[in-house]
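What follows is a set of notes on a single structure, which appears directly below.
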Amino acid sequence: MFKTRFTKLVGIQWPIIQAPMIGGYSSPEMVSIVSNLGGLGTLALGNLTPEQIIQQCNQTLSLTDKPFAVNLFVSQKRTIPELNKYSQEVKALIPYYQQLDIDESVLFDQKTTNLPDLNSQIDAILSTNITIVTFTFGIPSPEIVKKLKQNSIIVIMTATNAEEAALAQKSGSDAVILQGINAGGHRASFLTDGNGGPKADLLLKQASQAVSIPTISTGGIMNGEQIALHIKNGADACQLGTAYLFTDEAKVESYYLEALLEHEADTCLSNSFTGKYARVLSNQFSKEMKPYRAAPFPYQGQLTSHIRSKATEKKLYEYLPFWAGASYSLGRRQTAESLTKTLIDELTSSMIS
Ligand SMILES: Cc1cc2nc3c(=O)[nH]c(=O)nc-3n(C[C@H](O)[C@H](O)[C@H](O)COP(=O)(O)O)c2cc1C
């Protein structure tokens, strides 16, 4: 047991949060293992329909009676961009379509629209017994915050700089996740495009002066010593994504896991896969696409989705996004149980020494 303002707020034993990881990686099994050990698991529900949300929440509730969180995206509604074959966003992708034998006409087939509606996702969550909701990519509307709080749900927003953290606090966030630029996956940024910003340790220092709510450090944290350091520097908890990506329960695709275990590539921020900056293993696609403008999130993701499916089929893995934090080379294959227990042991001994 290690008490901080955050552990008291959410009723957990250890200031350790398993990050939400879209793509099915933070499964109900993983979330319940972490929560049952006294940490806080988080389900990634950002791109799921209300029906899928209810299923995931109920499955997790059947595996643990301890607190766990669920995560949603606050994505601004955008109009579908008008693209034609002369648009830079399209022209940059045509060589990949040609190389992979994909019919280019699908590039203009903009049938898909925005992500699932946040209000209906919230209603789905309210129909279950969820008690903690975390948000990324923006600040939820005052109506949503009010509705959640009226239902005694703890609301936690994500920030990538001190200004975003202050806005989260002002908007009613009960604690704030501080995502450093070293974090794996998408940047949570909403006041900037996210292609820059402080690392997790500096962000903690800067944001601690801007907010009084409990703070959660995330980005590049892979072991208990690092968690202890963040706690000593004022964090109330730490959130780990990439470390959990290596666990058996993440069921990462074999080619993705192989790339992670090779430790060969550097990581970089790229917006070429989805339209939003995200930290990935640097590869041919991220490098070649760097000079080109990307369509806004999530449309770039739709434009590139055919490339990803065909490249997977043809085993051309240099065209796929392998999300990873900057410290991914410290990742170890193990179970979520063994990782969580190790983090607890390391945190405990580092706090004593
Ligand atoms: C594969 C992957 C998927 C992610 N999906 C989400 C998500 O759905 N929602 C979210 O708030 N953060 C997401 N993140 C970011 C994490 O919440 C967290 O900020 C990040 O993993 C911390 O950095 P680390 O990976 O170095 O631990 C994702 C990260 C990874 C690696």
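The values are calculated or read from the model by the stated rules, or taken from the named source; none is laboratory data. Just so it is clear, the structure is predicted and the values come from calculations on it, not from any experiment. Backbone-built Cβ (ideal geometry, glycine too); neighbour counts: all protein chains shown.
Structure above, values below:
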| quantity | calculated |
| --- | --- |
| Condition met for residue 338 (at pLDDT 95 or above, under 20 Å from the mean Cα position of the chain (by Cα) and closer than 30 Å to residue 14 by Cβ) | no |
| Candidate set: the range 277-303, residues that are modelled with pLDDT of 95 or more and surrounded by 23 or more Cβ atoms within 10 Å (Cβ to Cβ); chosen: the one farthest from the ligand (Cβ to nearest atom) | 285 |
| Among residues of the range 314-338, those that are in contact with a helix residue (DSSP H, G or I) (Cβ under 6 Å, 6 or more places away or on another chain) and part of a helix (DSSP H, G or I), counted | 6 |
| Test: residue 264 is in a loop (DSSP other than H, G, I, E, B) and either surrounded by fewer than 18 Cβ atoms within 10 Å (Cβ to Cβ) or under 17 Å from the mean Cα position of the chain (by Cα) (or both) | yes |
| Flag if residue 294 is under 21 Å from the mean Cα position of the chain (by Cα) and assigned to a loop (DSSP other than H, G, I, E, B) | yes |
| Selection count, the range 180-213, where residues are within 14 Å of the ligand (Cβ to nearest atom) and either of a type in the set (Lys, Arg) or closer than 18 Å to residue 134 by Cβ (or both) | 14 |
| Every residue from the range 274-294 that is under 13 Å from residue 184 (Cβ atoms) and among the hydrophobic types (A, V, I, L, M, F, W, C) | 278, 280, 281 |
| Cβ pairs under 6 Å, 6+ apart, first in the range 238-261 and more than 16 Å from residue 39 (Cβ to Cβ) and of a type in the set (Gly, Ala, Ser), second within 12 Å of the ligand (Cβ to nearest atom) and modelled with pLDDT of 95 or more | 259/281; 259/322 |
| All positions within the range 180-199 that are among the hydroxyl-bearing types (Ser, Thr, Tyr) and crowded, with 17+ Cβ neighbours inside 10 Å | 189 |
| Some residue of the range 48-55 being within 27 Å of residue 256 (Cβ to Cβ), buried (at least 18 other Cβ atoms within 10 Å of the Cβ) and away from the ligand (no atom under 12 Å from the Cβ) | yes |
| Near pairs, Cβ below 9 angstrom, 6+ apart or cross-chain, from the range 307-329 (more than 19 Å from residue 269 (Cβ to Cβ)) to any residue that is within 16 Å of the ligand (Cβ to nearest atom) and in a helix (DSSP H, G or I) | 311/317; 312/255; 315/255; 317/255; 317/256; 317/258; 317/259 |
| Qualifying residue in the range 150-164 (condition: within 23 Å of residue 22 (Cα to Cα), over 16 Å from the mean Cα position of the chain (by Cα), without any contact (Cβ under 8 Å) to a residue 60 or more places away in the chain and in a helix (DSSP H, G or I)) | yes |
| Some residue of the range 79-90 being surrounded by 15 or more Cβ atoms within 10 Å (Cβ to Cβ) and touching a strand residue (DSSP E or B) at 6+ places or on another chain (Cβ under 7 Å) | no |
| Helices (runs of 4 or more DSSP H) lying entirely in the range 1-103 (those with 3 or more residues that are farther than 30 Å from residue 348 by Cβ, at pLDDT 95 or above and within 22 Å of the chain's Cα centre (by Cα)) | 50-63 |
| Which listed residue is within 12 Å of the ligand (Cβ to nearest atom), β-branched (Val, Ile, Thr), more than 25 Å from residue 128 (Cβ to Cβ) and crowded, with 23+ Cβ neighbours inside 10 Å, from 177, 216, 156, 227 | 227 |
